[in-house]
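Student: My structure is below; once you've seen it, I'll send some questions.
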Amino acid sequence: MGNILMLYASSTGNTELIAEAIVDYLEQTGHQVQTKSFDFDPIDVGELLEYDAVLIGTYTWDEGELPYEVEDFYEELEDVDLSGKPVGVFGSCDSFYPDTFGGAIELMGDRLVDLGAKLVPERLKIDLEPSNDDVERSHAFAQTLLNMTKDTVNI
């Protein structure tokens, strides 16, 4: 089974709830998941290469920006070769700000694509707290990542 890294930043707890739903699904399908929070855990970009796939969750701050706790990681990504690495980006957003809805998710996704990562096509954006339908969307998102991972490793 696959070995997956889950990284996330959560201010209100909504992105954490999404991360938990994804991790629960992955573990139920027999995969090992290492979970780290940008708020509490040291994260070295080099460790991304130790996993079959990576998930990165972030909330969107202010005018569509990355939260401060994710900024250093975002910059340090340039130091690692992510060519072909299956990665998914997700997070909680607020539709009250339609012009910047999920801006941090877009920034992170664009950065990963620029660095050669194999990004899950859907950048999962959930409006505030995840509903039951959003949990199902999270599961489908995770399954897409697993399908992409099967193409690059034998899991």
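The values are calculated or read from the model by the stated rules, or taken from the named source; none is laboratory data. Treat the numbers as computed from the prediction; the structure is a model and nothing was measured. Cβ: placed from backbone, ideal geometry, glycine included. Neighbour counts: every protein chain shown.
Student: Modelled with pLDDT of 95 or more, among the acidic types (D, E) and in a loop (DSSP other than H, G, I, E, B) - does that describe any residue in the stretch 122-130?
Tutor: Filtering the stretch 122-130 down to residues modelled with pLDDT of 95 or more leaves 122-130.
Narrowing further to those that are among the acidic types (D, E): 122, 127, 129.
So of that shortlist, the ones also in a loop (DSSP other than H, G, I, E, B) come out as 122, 129.
Yes, the stretch 122-130 has at least one match.
Student: Considering V45, V70, which residue is in contact (Cβ under 8 Å) with a residue 60 or more places away in the chain, among the hydrophobic types (A, V, I, L, M, F, W, C) and out of contact with any Gly (no Cβ under 8 Å at 6 or more places or on another chain)?
Tutor: Working: V45 fails: in contact (Cβ under 8 Å) with a residue 60 or more places away in the chain.
Testing whether each residue is in contact (Cβ under 8 Å) with a residue 60 or more places away in the chain, among the hydrophobic types (A, V, I, L, M, F, W, C) and out of contact with any Gly (no Cβ under 8 Å at 6 or more places or on another chain) leaves just V70.
Student: Which of (1) farther than 18 Å from E20 by Cα; (2) modelled with pLDDT under 95 is the odd one out, the single condition D41 does not satisfy?
Tutor: Result: D41 passes all but (1).
Student: Then there is this: Can you pull out every residue in the stretch 85-107 that is polar (S, T, N, Q) and surrounded by fewer than 22 Cβ atoms within 10 Å (Cβ to Cβ)? Talk me through it step by step, then tell me what you get.
Tutor: From the stretch 85-107, those polar (S, T, N, Q) are 92, 95, 100; that's our starting set.
S95, T100 - these are the residues of the stretch 85-107 that are polar (S, T, N, Q) and surrounded by fewer than 22 Cβ atoms within 10 Å (Cβ to Cβ).
Student: Take L82 and decide whether it is over 14 Å from S11 (Cβ atoms), at pLDDT 95 or above and buried (at least 18 other Cβ atoms within 10 Å of the Cβ). It would help to see each step written out before you state the result.
Tutor: Working: over 14 Å from S11 (Cβ atoms): yes; at pLDDT 95 or above: yes; buried (at least 18 other Cβ atoms within 10 Å of the Cβ): yes.
Considered against the rule, which asks whether it is over 14 Å from S11 (Cβ atoms), at pLDDT 95 or above and buried (at least 18 other Cβ atoms within 10 Å of the Cβ), L82 comes out as yes.
Student: Exactly one condition in (1) buried (at least 17 other Cβ atoms within 10 Å of the Cβ); (2) within 15 Å of I18 (Cβ to Cβ); (3) over 12 Å from the mean Cα position of the chain (by Cα) is false for L145; which is it?
Tutor: The failed condition is (3).
Student: Follow-up. Taking the criterion of being at positive phi and either part of a helix (DSSP H, G or I) or within 15 Å of the chain's Cα centre (by Cα) (or both), would at least one residue in the stretch 96-119 satisfy it? I'd like the intermediate steps shown before the answer.
Tutor: Going residue by residue through the stretch 96-119, those that are at positive phi are 102, 116.
When the remaining residues are screened for being either part of a helix (DSSP H, G or I) or within 15 Å of the chain's Cα centre (by Cα) (or both), the result is 102.
Yes: one or more hits.
Student: Across the stretch 34-76, what is the number of residues that are crowded, with 17+ Cβ neighbours inside 10 Å, acidic (D, E) and over 17 Å from L112 (Cβ atoms)?
Tutor: The total comes to 1.
Student: Go through the stretch 116-138 residue by residue and tally those that are crowded, with 17+ Cβ neighbours inside 10 Å and farther than 22 Å from S11 by Cα.
Tutor: The first filter runs over the stretch 116-138 and keeps only residues crowded, with 17+ Cβ neighbours inside 10 Å, leaving 117-120, 123-126, 130, 134-135, 137-138.
The next check asks that each one be farther than 22 Å from S11 by Cα; those that pass are 117-120.
Looking only at that region, the number is 4.
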